[in-house]
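Right, one structure below, let's go through it.
The values are calculated or read from the model by the stated rules, or taken from the named source; none is laboratory data. In this text, all values refer to a predicted model and were calculated from it rather than measured experimentally. Glycine also receives a Cβ, built like all others from the backbone with ideal geometry; neighbour counts cover every protein chain displayed. Protein only, heavy atoms only, side chains kept; ligands, DNA and RNA dropped before computing areas. Shrake-Rupley method; radii C 1.70, N 1.55, O 1.52, S 1.80 Å.
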Amino acid sequence: MRERLLADGHRECDDADVAVVNTCCVTHEALAKSRKEAARAARTHARVYVTGCGANLAGDGFAGLPANVVVVAKRSEETPAFVAGDVGAIGCVQADARLDRVRAFVKVQDGCSFSCNFCVIPLVRGASRSRSADAVLQEIARRVGQGHREVVLTGINLGCYRDRAAGYDLPRLVREAGATPGLERLRLSSIEINHVNDALISALRETPAVSPHLHVPLQSGDDGVLRAMGRRYTVATYLRRLAPLRDEFNLTSDVIVGFPTEDDRAFANTLRTVQEAGLTKIHAFPYSPRPGTVTAQHDPIPPAVKKERSASLRAASHDACLVRWRTKIGSDDIVLVDRPGRGYGADYSPWLVPEAAPVGELVRVRGAAVSEEGILAEH
Ligand code: SF4
């Protein structure tokens with residue numbers, strides 16, 4: 001949407017006439033924040049477009065907002081053209097819109113045909129569908145040409161990527177994307193454990209541009225809870241499939257805490273699994289029932305318990321990060337500087353680099369120490 005509006009001659013600024021609030025509805029809190037953001041934008045902008053998953057959620061989470069708010073309940077593919085058409089093109093087309101040049105997110109797939117019992121995504125994003133490999137590879141080449149050093153392939157359920165007509169699945173796409181001349185780094189946004197198979201692992205290992213980082217949602221480390229969630233794998237499968245990667249890849253994950261059937265024992269199993277799998281950064285989401293899902297009516301775990309479990313998980317995650325970061329002390333790494341003084345190493349571990357390090361560049365660093373926020377580079 002940003003690119004489309006910029007290409008139409010609009011300009012990004014603080015006191016803009018138009019705001020786009022792209023919403024999330026994966027938890028109740030995400031939707032509440034989205035609504036608050038839309039209400040706030042409506043006070044300071046002439047027109048506000050509410051787009052994304054929240055706008056597509058049944059139940060009208062944005063009802064009652066002022067008349068200058070337009071809720072765009074459309075598929076992601078159709079949204080940029082709708083918003084741009086409604087805003088209206090002005091000025092001349094800019095050949096070179098201002099973009100963040102460090103990391104490009106290239107969407108290759110959308111939607112999900114799985115049906116985890118807690119998840120609203122299939123309802124708001126629809127069934128799985130993929131972009132053509134040709135379009136994806138062209139976009140990657142264009143992004144690299146614009147100066148992006150890193151490309152992240154994104155999707156709701158990336159492992160479902162298929163371009164049947166051209167004979168592509170995700171492993172083949174990774175290999176060919178990674179061969180784009182000038183591309184320094186390639187990552188996957190996230191991948192379900194069921195798709196972490198030999199073909200994908202070989203493609204990741206054999207593609208030099210691929211960063212040794214994988215984000216693999218766990219959701220729970222207890223088989224009973226996984227079954228109740230409808231997640232289609234067991235803890236043993238999760239551990240077995242990640243075992244060959246754990247020393248080589250930085251493994252990160254998502255976990256839901258306070259799912260209706262999660263008792264203390266099940267949560268303890270989750271903590272143990274996180275450790276056994278060698279996971280580092282965990283995004284802990286307190287369970288929140290979503291409308292239209294199988295578990296919509298169930299939320300028996302008290303908020304205080306969810307809070308406590310989230311805190312334990314965050315603490316375990318932080319400890320695991322520190323352990324990984326400490327292994328970098330005294331060794332070299334290449335950091336992609338994405339903000340002044342900060343960046344990410346080859347395996348997506350966070351680094352603190354000298355303020356003078358140029359944003360958008362890859363710099364060679366040596367680990368000197370570890371802080372609460374990442375690895376400190378030698379000056
Ligand atoms: S695989 Fe992911 S997106 Fe699909 S239903 Fe399950 S949690 Fe939701």
inquiry  = Can you tell me which residue is surrounded by the most Cβ atoms within 10 Å (Cβ to Cβ) among those in segment 339-374 that are in a loop (DSSP other than H, G, I, E, B) and among the small types (Gly, Ala, Ser)?
reply    = 345
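Residue by residue through segment 325-338, note down the ones that are open to solvent by less than 40 Å² (accessible area, probe 1.4 Å) and aliphatic (A, V, I, L, M). Give the steps one after another, and end with the answer.
First pass over segment 325-338, keeping only residues open to solvent by less than 40 Å² (accessible area, probe 1.4 Å): 325, 328, 333, 335-338.
Within segment 325-338, 335, 336, 337 meet the criteria.
Is it the case that some residue within segment 135-153 is open to solvent by 20 Å² or more (accessible area, probe 1.4 Å) and within 16 Å of the ligand (Cβ to nearest atom)?
Going through segment 135-153, the residues open to solvent by 20 Å² or more (accessible area, probe 1.4 Å) turn out to be 135, 137-139, 141-147, 149.
Applying the additional criterion that residues be within 16 Å of the ligand (Cβ to nearest atom) yields none.
No: segment 135-153 contains no residue that is open to solvent by 20 Å² or more (accessible area, probe 1.4 Å) and within 16 Å of the ligand (Cβ to nearest atom).
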key: Condition met for residue 196 (within 12 Å of the ligand (Cβ to nearest atom), open to solvent by less than 20 Å² (accessible area, probe 1.4 Å) and closer than 27 Å to residue 236 by Cα)   = no
request  = Take segment 100-128 and flag every residue that is surrounded by fewer than 19 Cβ atoms within 10 Å (Cβ to Cβ) and among the basic types (Lys, Arg).
outcome  = 101, 103, 107
key: Residue among 83, 21, 26 that alone is more than 24 Å from residue 286 (Cα to Cα), in contact with a strand residue (DSSP E or B) (Cβ under 8 Å, 6 or more places away or on another chain) and not charged (D, E, K, R)   = 83
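Of everything in segment 354-375, what is in contact with a Lys or Arg (Cβ under 7 Å, 6 or more places away or on another chain) and either free of Cβ contacts under 8 Å to residues at least 12 places away in the same chain or more than 23 Å from residue 275 (Cβ to Cβ) (or both)? Give them in sequence order. So that I can check it myself, show each step before the final result.
First pass over segment 354-375, keeping only residues in contact with a Lys or Arg (Cβ under 7 Å, 6 or more places away or on another chain): 359-360, 362, 367, 370, 375.
Selection gives 359, 360, 362, 367.
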ask   = Taking segment 1-32, which residues are in contact (Cβ under 8 Å) with a residue 12 or more places away in the chain and over 20 Å from residue 46 (Cβ atoms)?
value = 3, 7, 24, 25, 26, 27, 28, 29, 30, 31
query = Considering 280, 273, 295, which residue is at pLDDT 95 or above, in contact with a Cys (Cβ under 7 Å, 6 or more places away or on another chain) and of a type in the set (Ser, Thr, Tyr)?
reply = 280
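Quick one: in segment 49-61, of everything that is under 24 Å from the mean Cα position of the chain (by Cα) and not in a strand (DSSP E or B), which residue is surrounded by the fewest Cβ atoms within 10 Å (Cβ to Cβ)? If you could, list the steps in order and put the result at the bottom.
Of all residues in segment 49-61, those under 24 Å from the mean Cα position of the chain (by Cα) come to 49-58, 61.
Next, only the ones that are not in a strand (DSSP E or B) stay: 53-58, 61.
On the way: 53: 21, 54: 27, 55: 24, 56: 21, 57: 22, 58: 11, 61: 21.
Here the answer is 58.
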ask   = Restricting the search to segment 154-188, which residues are open to solvent by less than 30 Å² (accessible area, probe 1.4 Å), within 16 Å of the ligand (Cβ to nearest atom) and touching a Gly at 6+ places or on another chain (Cβ under 8 Å)?
value = 157, 161, 170
request  = Determine, yes or no, whether residue 118 is touching a Ser or Thr at 6+ places or on another chain (Cβ under 6 Å) and within 17 Å of residue 77 (Cα to Cα).
outcome  = no
ask   = Between residues in segment 107-129 that are more than 9 Å from the ligand (Cβ to nearest atom) and residues that are polar (S, T, N, Q) and in a strand (DSSP E or B), which pairs lie under 6 Å by C-beta distance while being six or more apart or on different chains?
value = 107/154; 109/130
key: Candidates 214, 218, 239 - the one that is closer than 21 Å to residue 321 by Cβ, more than 14 Å from the ligand (Cβ to nearest atom), open to solvent by less than 20 Å² (accessible area, probe 1.4 Å) and not aromatic (Phe, Trp, Tyr)   = 214
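Tell me the residue from 317, 253 that is polar (S, T, N, Q), within 30 Å of residue 212 (Cβ to Cβ), in a strand (DSSP E or B) and open to solvent by less than 10 Å² (accessible area, probe 1.4 Å), please.
Working: 317 fails: in a strand (DSSP E or B).
Testing whether each residue is polar (S, T, N, Q), within 30 Å of residue 212 (Cβ to Cβ), in a strand (DSSP E or B) and open to solvent by less than 10 Å² (accessible area, probe 1.4 Å) leaves just 253.
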ask   = Taking only pairs six or more apart or across chains, which ones have beta-carbon atoms under 8 Å, a first residue in segment 308-329 that is free of Cβ contacts under 8 Å to residues at least 40 places away in the same chain, and a second residue that is of a type in the set (A, V, I, L, M, F, W, C) and open to solvent by less than 30 Å² (accessible area, probe 1.4 Å)?
value = 314/282; 314/284
task = Only residues that are open to solvent by 60 Å² or more (accessible area, probe 1.4 Å) and among the polar types (S, T, N, Q): list them for segment 1-48, please.
result = 22, 44
query = Hey, any hits in segment 223-230 for a residue that's away from the ligand (no atom under 16 Å from the Cβ) and assigned to a strand (DSSP E or B)?
reply = no
Failed condition for residue 295, given (1) closer than 30 Å to residue 367 by Cα; (2) part of a loop (DSSP other than H, G, I, E, B); (3) polar (S, T, N, Q) = (1)
